[in-house]
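The values are calculated or read from the model by the stated rules, or taken from the named source; none is laboratory data. The model shown is predicted, which means the values in this text are computed figures rather than measured ones. Virtual Cβ from ideal backbone geometry, glycine too; neighbours counted across all protein chains shown. All accessible areas refer to the heavy atoms of the entire protein, side chains included, with ligands and DNA or RNA removed. Shrake-Rupley method; radii C 1.70, N 1.55, O 1.52, S 1.80 Å.
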Amino acid sequence: MTALTAVTVRVPAKVNVQLAVGGRRPDGFHDLANVFLAVGLYDRVTASPAEELRITAAGRDVASVPLDASNLAARAAALLAGRYGFEPKVRLHIEKDIPVAGGMAGGSADAAAALVACDELWGTGASRAELLGMCAELGSDVPFPLVGGAALGVGRGELLTPLEVGGAFHWVFVAALGGLSTPEVYRACDRLRRESGDGDTVAEVAAPAAAPALLAALAGGDAYALAGALANDLQDAALSLRPELAETLRAGVAAGALAGIVSGSGPTCAFLAPDGDTAAKIAATLGPSARVAASPAEGATIVP
Ligand code: C5P
């Protein structure tokens, strides 16, 4: 058997069609009912043998990608190697197309892709369950890009149940300049809850749950019903940190979107269009920062 010289894995971005955030737990995380939908915007991660762990990156927003051990893809490679008792002697080259720190889980996607690529390169043969376990250790949003499609994430968002999707959905994504820090957005959500007098702890906030109407809209492939059911409990928090996003949301709907929502912790805004042609027209109206993508998309896949 010849040793592999390089393995490339393609991995999708996600949009949260529902992000229901429960109270702050004693460990600082929040219980979620997180409905993930994979969208056809992809990063590619190529793993190849090297003297030591090294990250390189190319593509969109590349200046914002950390190239040191703090990169979640580097941590993924080190975790897998450590689990099997060897050194992570690998170069990971990340081709970015997913907005960086945009609320579309690009960093998490790269980590999931790095695990799959290194597992193949090293022939470690980790099971799907082991890979998913390592993804969950790396971050709450890391397991989903491994599986793709659509899924409900509970717990911190890492415990996934696949969901049925009955048709294609067409999106326009508008990335904002500069990212938002996920912990900062959760802290803003807690602050808004305390200021409203409702409190922010698990004892004070209703347990999060997926909305039956939203799950039915996904299963039925019904864009109009999905538009009416889109919900993000982090949206007000993201808007409190970046008030100009409200104008972006208004502009997308004025351009013909059925609905607009902040994606995850933001600042990317996601607009649902009735069809692909309308999505292209909305993107043309919104300008060069707008991208079209369809969902669902398949999870991390080795490129032949
Ligand atoms: O799991 P991950 O490392 O992606 O989480 C990043 C940060 O987002 C956490 O440190 C926490 O502040 C916040 N978070 C949270 N509740 C979740 C997921 C993330 O509070 N369910």
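Close amide H pairs (under 5 Å, H built 1.01 Å from N) link G59 with K96, residues at least 5 positions away or on another chain.
Taking the centroid of alpha carbons for each part, the stretch 267-304 and the stretch 205-233 are 19 Å apart. With a simple spin-label model that places each label point 7 Å from the Cα along the Cα-to-Cβ direction, the separation between A284 and S196 comes to 4.0 nm. Taking amide H as placed 1.01 Å from N in the peptide plane, the amide H of N232 sits under 5 Å from that of L19, each at least 5 places away or on another chain. Contact order for the chain, expressed relative to its length and based on alpha carbon pairs under 8 Å spaced 6+ residues apart, stands at 26 percent. Nonpolar atom fraction for the stretch 169-295, defined as the carbon and sulfur part of the 1.4 Å probe accessible area, stands at 57 percent. Report summary: the helix-based calculation at 222 nm, which adds -39500 (n - 2.57) for every DSSP H run with n ≥ 4 and divides by the residues of the chain, gives -10000 deg cm²/dmol.
Rounded, prolate or oblate for the stretch 7-163? Axes are the square roots of the Cα gyration tensor eigenvalues, ordered a ≥ b ≥ c, and the cut-off for rounded is a/c under 1.5. Prolate, because a/c is 1.5 or more and a/b exceeds b/c.
Taking a ≥ b ≥ c as the square roots of the Cα gyration tensor eigenvalues, with a/c under 1.5 meaning rounded and otherwise prolate when a/b beats b/c, else oblate, which class fits the chain? Prolate is the answer for the chain, as a/c is 1.5 or above and a/b outweighs b/c.
For G264, the amide hydrogen comes within under 5 Å of the amide hydrogens of N16, counting only partners 5 or more places away or on other chains and with H modelled in the peptide plane. Between the helical axis of 128-138 and the dominant principal axis of the chain, each derived from Cα atoms, what acute angle in degrees is found, rounded to the nearest 10? Result, in degrees: 70. Each peptide in 132-139, 264-271, 174-181 was scored by the mean count of other Cβ atoms within 10 Å over its residues; highest first, the order is 264-271, 132-139, 174-181.
Once the 1.4 Å probe is applied to the protein heavy atoms, the stretch 7-163 comes out at 36 Å² accessible per residue. Please work out whether the stretch 169-295 counts as rounded, prolate or oblate from its C-alpha gyration tensor, where a ≥ b ≥ c are the square roots of the eigenvalues and a/c under 1.5 means rounded, while otherwise a/b larger than b/c means prolate and anything else oblate? Here the stretch 169-295 falls in the oblate category. Computed extension length for D27-A6: 3.6 nm, one decimal, from 0.36 nm per residue of separation with the Cα-Cα distance subtracted. On a per residue basis, the stretch 169-295 carries 44 Å² of accessible surface, using protein heavy atoms and a 1.4 Å probe. Ordering 8-21, 152-165 by mean Cβ neighbour count within 10 Å, with the highest value first, yields 8-21, 152-165. Expressed as a whole percent, the accessible surface of the stretch 7-163 that belongs to carbon and sulfur atoms is 52, based on a 1.4 Å probe.
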